[in-house]
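One structure below.
The values are calculated or read from the model by the stated rules, or taken from the named source; none is laboratory data. Remember, predicted model here, so these are calculated numbers, not experimental data. Cβ placement follows ideal geometry from the backbone for every residue including glycine, while neighbour counts extend to all protein chains displayed.
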Amino acid sequence: MAHPALMKPPARREIGADVYSEKLGMWVFLGSEVMFFTALIGSYIILRFGSPEQWAAPGQILNIPLTAVNTFLLICSSVTMVKAFAAIQDGDQRLLKLYMLATVAIGAAFVGVQAYEYTHLVHAGFLPSGYSAGSELAERAAEGLLPVSVGVYGSSFYTMTGFHGFHVSVGVICMSFVTWKAYRGAYTKEDHRGVEVVGLYWHFVDLVWIILFTIVYLV
Amino acid sequence: MSWILPPGASTFAGDIDFLYYVILVITGIAFVVVEVGLLVFAIKYRARPGRKAQYIEGSIKAEIIWTAVPAVTLVIIGLMSGGVWNHIKGRNSIPPNAIPYEVHVKQFEWNFTYRGPDGQLGTSDDFIVRNQLHIPVNRPVELQLIAEDVIHSFFVPAFRVKQDAVPGMDIRVWFEATKVGEYEIACAELCGLGHYRMRARVFVHSAEDYQQWLSDRAAAADEE
Amino acid sequence: MATSAVSLEPAAHVEAHELSFLRKYIFSTDHKIIGIQFLLMSFVFLLFGGLMAMMIRWQLGFPERPLPAGQLLPETMAPGGILLPEFYNSLVTMHGTIMVFFAIMPLLVGVFGNYLIPLKLGAPDMAFPRLNMASFWIAFSAGILMMAGFFVEGGHAAAGWTAYAPLSADPEWTGVSGGQQIWLLSIAILGLASIMGALNYITTVVNLRAPGMTWFRMPLSIWALFVTAILVLLAIPILSGAAIMLFFDQTIGTHFFDWTDGGQVILWQHLFWYFGHPEVYILILPAMGMVSDIIANGSRKPVFGYHSMVFALISIAFLGWVVWGHHMFQSGMNPTLGMTFMISTMIIAVPSAIKVFNWMGTMWRGNIRFHVPMLHSVGFVAMFVIGGLSGIFMASTPVDIYIHDTYFIVAHIHYVLFGGSLFAIFAAVTYWYPKMFGRMMNSTVGKVHFWLTFLFYNMTFFPMHDLGIAGHMRRIYDPSQYEFLQPLAPLNRFITVSALLLFTVQILFAANFIMSWFKGKKAGENPWEANGLEWTVASPPPHGNFAKVPTVYRGPYEYSSPLVEEDFLMQTRKLASDVDPAAAGP
Amino acid sequence: MSDGAAHAQPKYWTIWAYLLVLTVVELGVAFLPWTKEVQLLVLLALAVWKALLVALYFMHLKFEGNRMRIFAIAPLPLTVIIIVAVLTEYVW
């Protein structure tokens, strides 16, 4: 962590929990993240119950193969993240750096694929406010091949996946920072809190995607 | 200043007012006990030199008593309220002989739709009266509240009736007036700029007057 | 991993004396400075909120007459000094918003959470001091943003502090677009600050307690702040999520709350109140906790039934999550759900009753010193009881049909938030003022302020019950529009005059607060002869709080203990019979 | 986490393989001609299974103390309460 000189020990007692403060703090923060996604995902479930006619069948509008690739990417980045943590637990600086770099790269790739997905959806005429007038999707809806209106479907799709993408982006930024510090040799076998804490966040983001992928794309 | 409810004019008033007075008495007793207790303690145990407070950490017995007494009282109030609630707002509480009305609510007016001579809602001889609800006495009426823009709330203080009108929801409210007369309808949910003047009237007629009024109105509507 | 070496030390300890003014008082990471920053900020907002209340009251009491000095307001708000209905709606909205989010909540959670948690637990600072600083500045920015809303075109948000959709969702219905969007953004930003604060408090309480400070030796104020932090942590994100959805409805044309395209109007209410009811407890639990501390100190007795007080706090926090529907009894919600919520609401009144009786039990056979904090605390109990009892009327669904959205509700919420929380805040500020600033507040002025506030407060809010019973709706600009409200005009005028007096006497408090800062009697370490850890250090405490890690030997309420001569026994005082906690383990 | 050496490193690549296989199964199930309800239940079960794998192994909940686990699962009942309560609008 910080410069060793700054770690002067006015012995901080941590008697309450068996974990150090940064990790506890991250778990506590994840609790609030759970509630934030509850607001979004809960609204999605409720709105979908209320207007089932707005939801197109899986794959009709959304690109499942593409997002399956994205799911694959995120799972891979989760495992590289945890391998980075395992590496520094063993004190292996080289593997730590390698795996951190891989995680950052794959995370960034996820964001890229999502941007690509969004561009295509918007281009096809699927917007947060529903179909765009005169678009390809709107025409197919007029032919009766798609739901007549997808207003709230579009709203919840973009808001949920958008906020997940935002969390991924924040994760990539934080992990880049951790990687940079790893290159400066800030983590040791004894003290590698930063790696573990950012890892917790990253796995949480992965976990949310697992839920989202199922309920948004596959159901 | 008065804690007496204003006179009621519907069948709900009896039940609701009774519950209100029951709660008023119960909370009144609790209020007096606590406030007088505080006052007495404040005077009796005020600091005096050379005295030390008694070291008491608590009493399980006391805790049990003042957990159980409020709990039992409150559950009883809850059960008493439950029956009345179901009678007024329960899913199947609307009496079958209720006269149906549609109320189209928008900023800042109430449009009451009446059945025409054919006795059916939703037919071409229905007519609308703005901001005036005419109903017969001693006969349940059922209002379907259809909000067209934002949430409004149908409130007739004298009838002890209040129900939000929510856009996109099928909302029905019923009541039975018991006194002939004229009462005010208010909007009870902030609905914008003109919320404070979103006022209408309800006229309760005797059965004959109501029929008379209805046929006059239908005839007038016909001529238009 | 060894636990002693871990932790990001607030490195500043060592170099405290070299800090620049900016680092020491503005961008400080010291929890005490941050607490005081929150205190000053919230007092300013309390003043704003109060001024808005005065304008609202003037309009209700004297609908036809121009507001005194109302000509100073721009034409878009009050031409000729007469409030416009749209400005009135903004005032109603912003009075609620400011008081709830920027006055009471930061006063209780921001000020005392920051100030008391490390001091009372024997920690040098919060677990994450820099996060703590960021939390304040984010909250501060949210406040500035919120006030800026008054100056945008179309005026400030005017859909009530509950911002019910669709009134809030579409500018068409209120004529407000920019104001409402600023409102939503500001709330979301404030949410971020609150979450940062809450996770700091939770981590600190769990991890940074001094040796011997076991869970059941924590003062009730800390228990309450801890439970509150959990509520903040879990409730605020719901509001943030909902606010973001509503913001998107306003800006990019989504349809979450738009019933014409698959959205649902009532979803907003569910989300809002799912946050909103825990929020109600966020606004009262810390007050309860601090009042418990002060009543024990004033009565020179242990808190009656300490454990049941703790369990009452916890059960309030739990039950607080399953009662939100009682705000929506008349909203067209499933009536069966209404029954469920009625029962849960009835049950949640029980722990509140337990607390009231325990406070009385604490005073019983005490040796009560009526210092100013104690006066305010007893006032708190007396007023909170009224707020609690009037809640039972609303909990009963049939009675709620009549009193819902009337002044009865307004009376209830003010008995809880003003009579409750604000009296507790007056108590707590006076009680910890000597610790914060090293000087005592003037006690004569304090007593006069208490009695006048108590009197005018009751004259203002008690008659509101009667307005409600007569059917007077809330949030209406001009009650004279309704025939059945016209006889209430004299009562409305009486309330307005009382409210103006109530507002005026707060000058006493403000003057006392400011004057004592410079001229107050110097306070020693322990002016109230209290037991807590914060009273073992200098007033104000130095950066890092404790020169040596304190050791705790007992609970916080050992007043008039038979073990010692004096009538207080500090938590850190080692008696011959005490065992060192290090040996006993945590 | 007390110390890394106390337990052997979990087999992260095995977990990874599990996750991939489960994802493929999910994709398959989504396009099987089953009734909607069955499909929904199976898909949700698979998603929960995957989420549990991530939480237990990658986030090390399996190896944490009970206090930590309580922290982690504390918000979950709250997520269920709001969704179930609001859904009663439709099914009751």
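Run down C:L501, C:L563, C:L575 and say which single residue is surrounded by fewer than 18 Cβ atoms within 10 Å (Cβ to Cβ) and outside any loop (DSSP other than H, G, I, E, B). Walk me through how you get there before you give the answer.
Values: C:L563 fails: outside any loop (DSSP other than H, G, I, E, B); C:L575 fails: outside any loop (DSSP other than H, G, I, E, B).
C:L501 is the lone residue from the list that is surrounded by fewer than 18 Cβ atoms within 10 Å (Cβ to Cβ) and outside any loop (DSSP other than H, G, I, E, B).
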> Out of segment C:234-257, which residues are within 7 Å of chain A (Cβ to nearest Cβ) and charged (D, E, K, R)?
Replying inline: none
>> Against the definition (part of a strand (DSSP E or B) and more than 17 Å from C:Y482 (Cα to Cα)), how does B:L143 come out, yes or no?
In response: yes
>> Please go through segment C:455-494 and give me each residue that is buried (at least 19 other Cβ atoms within 10 Å of the Cβ) and more than 11 Å from every other protein chain (Cβ to nearest Cβ), ordered by number.
In response: C:F456, C:Y457, C:T460, C:F461, C:N492
>> Out of D:K62, D:K11, I need the residue that is touching a helix residue (DSSP H, G or I) at 6+ places or on another chain (Cβ under 6 Å), basic (K, R) and either modelled with pLDDT of 90 or more or surrounded by fewer than 18 Cβ atoms within 10 Å (Cβ to Cβ) (or both). Which one?
In response: D:K62
>> Quick check on this structure: which one of C:K574, C:K521, C:K548 is out of contact with any strand residue (DSSP E or B) (no Cβ under 7 Å at 6 or more places or on another chain), more than 24 Å from C:G113 (Cβ to Cβ) and in contact (Cβ under 8 Å) with a residue 12 or more places away in the chain?
In response: C:K574
> When you scan segment C:145-171, how many residues do you find that are outside any loop (DSSP other than H, G, I, E, B) and either crowded, with 24+ Cβ neighbours inside 10 Å or out of contact with any strand residue (DSSP E or B) (no Cβ under 7 Å at 6 or more places or on another chain) (or both)?
Replying inline: 8
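For segment A:50-76, enumerate the residues that are within 14 Å of chain C (Cβ to nearest Cβ) and in contact with a Leu (Cβ under 6 Å, 6 or more places away or on another chain).
Going residue by residue through segment A:50-76, those that are within 14 Å of chain C (Cβ to nearest Cβ) are A:50-56.
Of everything in segment A:50-76, just one residue is within 14 Å of chain C (Cβ to nearest Cβ) and in contact with a Leu (Cβ under 6 Å, 6 or more places away or on another chain), namely A:A56.
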> For C:A142, are the conditions met, namely being over 24 Å from A:E22 (Cα atoms), assigned to a helix (DSSP H, G or I) and in contact with a Gly (Cβ under 8 Å, 6 or more places away or on another chain)?
Replying inline: no
> What about A:V195, is it crowded, with 20+ Cβ neighbours inside 10 Å, more than 13 Å from chain C (Cβ to nearest Cβ) and in a helix (DSSP H, G or I)?
Replying inline: no
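Here's the yes/no breakdown for (1) more than 7 Å from every other protein chain (Cβ to nearest Cβ); (2) over 19 Å from C:Y559 (Cβ atoms):
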site: B:D17; (1), (2): yes, yes
site: B:L39; (1), (2): yes, yes
site: B:A42; (1), (2): no, no
site: B:R51; (1), (2): no, no
site: B:E57; (1), (2): no, no
site: B:I60; (1), (2): yes, yes
site: B:E63; (1), (2): no, yes
> From the set of residues in segment C:363-385 that are at the interface with chain B (Cβ under 7 Å from one of its Cβ atoms) and assigned to a helix (DSSP H, G or I), which is surrounded by the fewest Cβ atoms within 10 Å (Cβ to Cβ)?
Replying inline: C:A382
>> The conditions are (1) more than 10 Å from chain A (Cβ to nearest Cβ); (2) of a type in the set (S, T, N, Q); (3) touching a helix residue (DSSP H, G or I) at 6+ places or on another chain (Cβ under 6 Å), and D:T23 fails exactly one of them. Which is it?
In response: (1)
> Can we say C:G298 is in a helix (DSSP H, G or I) and more than 20 Å from B:V33 (Cα to Cα)?
Replying inline: yes
> Do we find a residue being among the aliphatic types (A, V, I, L, M), surrounded by fewer than 24 Cβ atoms within 10 Å (Cβ to Cβ) and in a helix (DSSP H, G or I) anywhere in segment C:106-117?
Replying inline: no
> Quick one: would you say C:L225 is surrounded by fewer than 24 Cβ atoms within 10 Å (Cβ to Cβ) and within 20 Å of the chain's Cα centre (by Cα)?
Replying inline: no
>> Only one of D:A47, D:A74, D:A30, D:A85 is more than 14 Å from the chain's Cα centre (by Cα), at the interface with chain A (Cβ under 7 Å from one of its Cβ atoms), among the small types (G, A, S) and closer than 21 Å to A:I215 by Cβ. Can you tell me which?
In response: D:A30
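Quick check: is even one residue across segment A:198-208 away from every other protein chain (no Cβ under 11 Å) and either aliphatic (A, V, I, L, M) or more than 12 Å from the chain's Cα centre (by Cα) (or both)? So that I can check it myself, show each step before the final result.
So the first thing to find is which residues in segment A:198-208 are away from every other protein chain (no Cβ under 11 Å), and the list is A:198.
Still in the list and also either aliphatic (A, V, I, L, M) or more than 12 Å from the chain's Cα centre (by Cα) (or both): A:198.
So far as segment A:198-208 goes, yes, one or more of its residues are away from every other protein chain (no Cβ under 11 Å) and either aliphatic (A, V, I, L, M) or more than 12 Å from the chain's Cα centre (by Cα) (or both).
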> Going through segment B:160-172 one residue at a time, which ones are among the hydrophobic types (A, V, I, L, M, F, W, C) and surrounded by fewer than 24 Cβ atoms within 10 Å (Cβ to Cβ)?
Replying inline: B:M169, B:I171
>> List the residue pairs whose Cβ atoms are under 8 Å apart, where the first residue sits in segment B:177-197 and is more than 7 Å from chain C (Cβ to nearest Cβ) and farther than 25 Å from C:R475 by Cα, the second is in a strand (DSSP E or B) and β-branched (V, I, T), and the two are 6 or more positions apart or on different chains.
In response: B:A177/B:I135; B:A177/B:V141; B:A177/B:V202; B:A177/B:V204; B:K179/B:V204; B:V180/B:V204; B:G181/B:V204
